[in-house]
1. May I ask you to sort A:Lys71, B:Lys288 by Cβ crowding, counting other Cβ atoms within 10 Å and putting the fewest first?
2. Find out how many positive minus negative residues lie around B:Ile969, taking Lys and Arg as positive, Asp and Glu as negative, among other residues whose Cβ is under 11 Å from that of B:Ile969.
3. What's the extension gain from B:Asp546 to B:Lys333 if we count 0.36 nm per residue and subtract their Cα-Cα distance?
4. If each of B:Asp637 and B:Thr680 carries a label point 7 Å out from its Cα toward its Cβ, how far apart are those two points in nm?
5. Taking the Cβ of each residue in B:Tyr202, B:Tyr735 as the centre, tally the other Cβ atoms inside 10 Å and list the residues starting with the fewest.
6. Take the Cα coordinates of segment B:221-341, assign each an equal point scatterer, and use the Debye formula without solvent to give log10 I(q)/I(0) at q = 0.16, 0.23 Å⁻¹.
7. Pull up all non-local amide H partners of B:Ile790: gap of 5 or more, or a different chain, and H-to-H distance under 5 Å with H placed in the peptide plane.
8. Simple spin-label model, 7 Å along Cα-to-Cβ: B:Val939 to A:Thr80 in nm?
Amino acid sequence: MGLLEETGTNKEINKIGSSPPSCEHKCYGCRPCEAIQEACPTIKNILLLDSEGKRVAVKYYSDEWPTNSAKLAFEKSIFTKTQKTNARTEAEITMLENNIIVYKFVQDLHFFVTGGDDENELILATVLQGFFDAVTLLLRNNVEQREALENLDLILLCLDEIVDGGIVLETDGSIIAGKVATHNMDDGAPLSEQLLYEIRIFLAFSAVES
Amino acid sequence: MATPESSSAPAMEIHKKCEAGNLERTVFNHILWVYSENLHDGMRALWSFKVECDMGEARIRCRGFVYRRVEIKQDPCTMAQPLVKKDDDRDEEGSLWAGIIFFKLKLDYSPFLGIEKGAVLQEARVLMTLSWMQGDVRRAKRSRRSDSDVVTVSLSLSLSLSLSLSAIQMHITPVRFEATEVFFAVTKLFQSRDIGLRRMVYLMIKELSPCADEVIIVTSSLMKDMNSRTDMYRANAIRVLCRITDGTLLTQIERYLKQAIVDKNPVVASAALVSGIHLLQTTPEIVKRWSNEVQEAVQSRAALVQFHALALLHQIRQNDRLAVSKLVTSLTKGSVRSPLAQCLLIRYTSQVIRESGVNTQTGDRPFYDYLEGCLRHKAEMVIFEAARAITELSNVTTRELTPAITVLQLFLSSSKPVLRFAAVRTLNKVAMTHPMAVTNCNIDMESLISDQNRSIATLAITTLLKTGNESSVDRLMKQITSFMSDIADEFKIVVVEAIRSLCLKFPLKYRSLMNFLSSILREEGGFEFKKAIVDSIVILIRDIPDAKESGLLHLCEFIEDCEFTYLSTQILHFLGNEGPKTSDPSKYIRYIYNRVILENATVRASAVSTLAKFGAMIDSLKPRIFVLLRRCLFDTDDEVRDRATLYLNTLGDGSVAETDKDVKEFLFGSLDVPLTNMETSLKNYIQDPTEEPFDINSVPKEVKSQPLAEKKAPGKKPTGLGAPPSAPTSTGDAYERLLSSIPEFASFGKLFKSSAPVELTEAETEYAVNVVKHIFDRHVVFQYNCTNTIPEQLLENVTVIVDASEAEEFSEVGTKPLRSLPYDTPAQTFVAFEKPEGVPAVGKFSNMLRFTVKEVDPSTGEAEDDGVEDEYQLEDFEVAAADYILKVGVSNFKNAWESMGPDSERIDEYGLGPRESLTEAVNAVINLLGLQPCEGTEVVPSNSRSHTCLLSGVYIGNVKVLVRLSFGIDGTKEVAMKLAVRSEDENVSDAIHEIVASG
C-alpha cells in the first residue's frame, strides 16, 4: 500500500470535537448521554480559492470530506453559492450542508473558513480575519492570486500556524505573519549529518529484503 | 499567436520588478509566470530578458534553461531528466530552474490543475536535484560566494516544496516506492539551515503521514529540533512529532513535552498543549499524567496558552463532574484573559449548570450571574457566546432571558453581517420555544428582511412568521412578496414551509396566505420549490375546509402552465379525489380536458383517470364526460386509449355494466398492499411456474418495520402529495377494508375509530407485537401485529389469549388465529369483543401470545415437522375513553362554539394537583380526552401562569364535541382547571366531564 494512501487512516487521530464525550457511565445512569456542545471551538477547513473557484491553498481539519473529490465538490458548491455576494468590505456568512461558512473576497482571491453549525459564528469570523490579515502582511498588501501563487510556501505555512488539527492556534494576523516570515539563515540550527547515514542504511535494508 | 508587443510587455515588467529588489527571486518567478501562461510568450520573454538586461547570475540562469529548451526541442516531460544528470555547476543550476519551471508548467497556471502522478515523481526528482544543490551551496560557501545566493536557493526550494505539497493534497497516490522517494527527498532537506525551508519540510512530513519505518528516519532529526535553541523549531518539531508518533515513542519524548507545556515561550507551550489535546484521543493514559503542568499553564499570562491549557485540562477531567465544577468555580472568579478561553469557560459553565439544576430554595441558578456578567465583556465573541448559553439554558425564565435578548437585539443592527447572522439565528431558535420573548425584536427583524445577505433575511422572516400574531400577518406578507423575487430557491422553500405552519396556526388568515402561495407559484422556480408550494396548498386544503375551493382553483391554474410532469399528474390525481366533492365541480373539467389536448402522454393518461372520477361521482356530468372520454379513444398513445376505453366501459357506456359501488371502488380504491410486498410476491409467483392466477389477497399487507417508523415520527403527518389524500381517514380506510375482508368481522358495521399501534413488547425482543384497537358501534376488535425476529424459528397457529377479567363490560365473541409466522414477515391475528352499544366501555386487557414453534434450518430455510407449544407474555393495555373520541379539528372555534348554543354547555372546575409545568398539565388533559387541539392552543407560552386551550372532536355516535379548557398554576405548582364542554348531545357533555373526573 502506498504511503500516501495511509493518510486517510492516520488522519483519524487528528479529529477532535466531532465525537461526543465518551460515556463511561459516570452519570450513574440518570439519563441517556446526549452529544452536548462543550468541546473546544473547532474549525473544519480553511480555503483560499481564486476567482474561478479553483484552489490556491486549502487545508482540511475534519474528516467530513474524506476524498479529494468530496473536497473539490464542497469547494465548488461553496464557491457557486457565495460568488455573487459582495464580501469585499465586511466578512459575509452563509450556511451550507449544516456548516457555517464565513468568507471574504479581495481582488481575485476568496477566503473561506468553515465550522460546524453549532459553532460560535464570531470565533469563525475572528479566524478568518486573522488569516486575511496575515496573508495581507505576507503579500505586502498585494493580495491577489498571482502574488499568492508566487508565495504559496508562505501561505501554506500561514495556514499551518492558524489552526492545528481543528484547534485555533493563533488569531492575531501580525503574530501569524511574524511566525511565517522568517526566511533567514540560522547557523545555530542542528544539521543532520546523521540523517544521510540513516537513509542509506534504510535503503540498503529494503534492498536486501526485496 | 502572440504579437511582439505582448511579449515585450511582461519583459518590461520584469525589468521594473528587478530594480525593486529581491532581484533573482522576482526574476525567476516572473519568468515562471509568463512562461506558465503561454509557452510561446514565455520563450520570447526569456529571450528578450536575456537580450535587454545584463544581470549576471539571473541571466546565466535564464540562459541555462533557454539554451537547453531550444536545443532539445522536445516534450518537457523528458527534458528535465537529462539535464539533471549534468555535473557542471552552471548547468546544474539551469537544470534546477528547468525542473521547477517544468513542474509549474505541468501545473498549468494554478498549481492544482492537471497534476498527475508523473508530476509528483518528477517533483521528487527535482527535490533530489535540489538536495544535490545543497551540496552545491556548501561548495559555493567554501568558494565564499555571497549568502544571498544561498537564501535564493532556499527560497525557490521552499516554493517548490509548497507546490509538491499541493500535489499531495490532491491525493495523488503513487506506488509505495515513489512515495518513499518523495519522503526521502524531502527529509534530505533537513540539511538546510533556512528556517522557512525547514518549516516546509515539517509541513511535508505532516502531509505525507509517514509509516513507522520512515518515522524512525526523521525522529532523531525532529528530536534535535525539539531541543534546539530556536523557538520556532521547537514549537513546530513538537507538533510534527506528536502528529506522526505512536505510543512507544511518546513515552520517550514525554519528558520534553511536559517541559514544553510550561515553557516560557507561548508558541512552544501552545504547541505542546494542542498536541496534548490531539494525543488524548489516542493515548489518554499518557496525557492524563501531565495534569499538573497543564494546571500551571492555565495560569499563564499568554492569552492563547491559557485557552489551550483550559481546553486540555477540561478534556482530561471531563468525566469527573466534581473536578469540572471546581475548575469552573475557581476560573469564573478569576480573570480569564483571552476571549477564546472565556468562550470555552462559558461552555463549561453551562455544562455545569445543566448538571446541577436550579437551586430550589431561592429559584436562582448557580453561575447565572457569571453568564450575565459576560454579556458586558468587551469582546463580541464572548458576549455572543454568553447570550447563546443563556438562551439554551433548560427551562429558562423570561427574567433570565431578557438581558440576553437585549444584547442580541443590539447585534441585529450591527454593520457586520456575521454579527447580524449570529444574532438572528439565535433568536430564531429562541422563537421556537419562547416566541413572546422575541417579539421585542420584531421591528429590528423587519428591517432585516431587506438585508443584502439572503441567509439573514430568510432567518429574519422565518423568525417573524413564528412570533407574528394574527394582525401582523397581512403586513408581513406584503414585505415578503417583495423579498421573494430575489432569493434562491432553497431560501424560498424555507419561507414556504414557515408560511404553511403559520396558516395552520391562524386558519382565518388562509385567504391572504393562500393568495401569497398562488402568486409565488406563478413565478419562476425549480422543481423542489414548486413541489414545496403545491404540497403546502394541498395540506391547507386538507386541514382548512374553507380553503378548498380557492386552493383547487389555484392548483388548476398552475397545471395550465406547469413544466413538471410529476407535479401535473399528482395534482390531477388530487383533483380527481377532491374536485367532485366541491359545490361546482363542472368548472374543473375545462382545466382537466385541456391537459388531454395539450400535454404529454403521462399527463394525458392521468387526466383521463381524473375525468372518469368526475363522471363516476356526479351523474349530471356523466354524459358530457362520456363525450370527452370518447374523444380520447383516438389518442396517439396506447395507455391513454386503454384508459379511456376501460373507463367508458366501467362507467356504463359500454356493454359491461357495473354496480355503482364497484365502479367507485375501482376508481377510488387504492392498492391496499405495500408496493414492496407486492413486488416480492410477484417475483415469487413468477419463479414457480403455475397455472393458478395470481391472488392479490396473498400479498402480506403489513409494512415491514412499521412500528419503528411510527415511533420515529410520533404524530407527524405525512405531508404533501406523496402522502395519501387524508392521513387519518386513509389509514382508517385501509383498516376498514382489511377488517371487512375478514368474514367474522364483516357484520360489525362501520368502523368508528382505529387507534395508533400500542407496543406490547420491549424493542428488540424475540417477538415484536403491537396492538391496534378498532372501535365499532357494538364491538371492539384488537388487531395484533406480530413480527418474529428469530431467523431459526417458524411460528404456527399464533393466537393471543386475552384475559378481560378487568374489563367487565366486554365479552369475547371470536378470534382469528394466524396460521404461520415466518421470520421477519409481519402478520396479524385478531380478537373481537362485544360491548354495550354506544357506550364508551373501558377496561384493562392482559395478553398472552400462544403458538407452536418449529425449528428452521437457517441454511436451507426448511422447517422441521415437529413443533413445540409455547407461550409468551405480552404487556397489558387498556381501552380508554379517548379511544371513543375522534380527533377532528374545526377551522373557526369561536363560530363553532357559538353555533353550538349554551344549552348543552356543562362547566365544572377541577384541581389537577401539583404538576411540573403548565405544559405538562395541558398535554395530560389533551391525551386523556383524545381531542384535537385547535388554533395552536396546545402550545403554552413559557412561564405563563394561566392558559386557555381549545379542543374539538367527534364522540362515538357521531356527536360533535367542543371543549374549552382554562388552566391556572400557582406558586406551589398546583394546577387548577375549568372545563367547559358544548356538544350536540348534553349526555355527551356529561360523559366528557365523567372522563376528566375519573381520569
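Every read-out reported here was derived from the displayed coordinates using simple, explicitly stated rules and does not represent laboratory data. Predicted model, so just to flag it, every value in this text is computed and none were measured. Backbone-built Cβ (ideal geometry, glycine too); neighbour counts: all protein chains shown.
1. Numbers: A:Lys71 20, B:Lys288 14.
Ranked by crowding around the Cβ, least crowded first: B:Lys288, A:Lys71.
2. Values: positive: B:Arg915, B:Arg945, B:Lys973; negative: B:Glu916, B:Glu920, B:Asp970, B:Glu974.
Result for the neighbourhood of B:Ile969: -1.
3. Working: separation 213, 0.36 × 213 = 76.68 nm, distance 6.13 nm.
This chain segment gains 70.6 nm when fully extended.
4. 3.3 nm
5. On the way: B:Tyr202 24, B:Tyr735 18.
Listing B:Tyr202, B:Tyr735 from fewest to most nearby Cβ atoms yields B:Tyr735, B:Tyr202.
6. For the requested q values the scattering log ratios are -0.71, -1.33.
7. For B:Ile790, whose amide H was placed from the backbone, the distant partners under 5 Å are B:Asp824.
8. 3.5 nm
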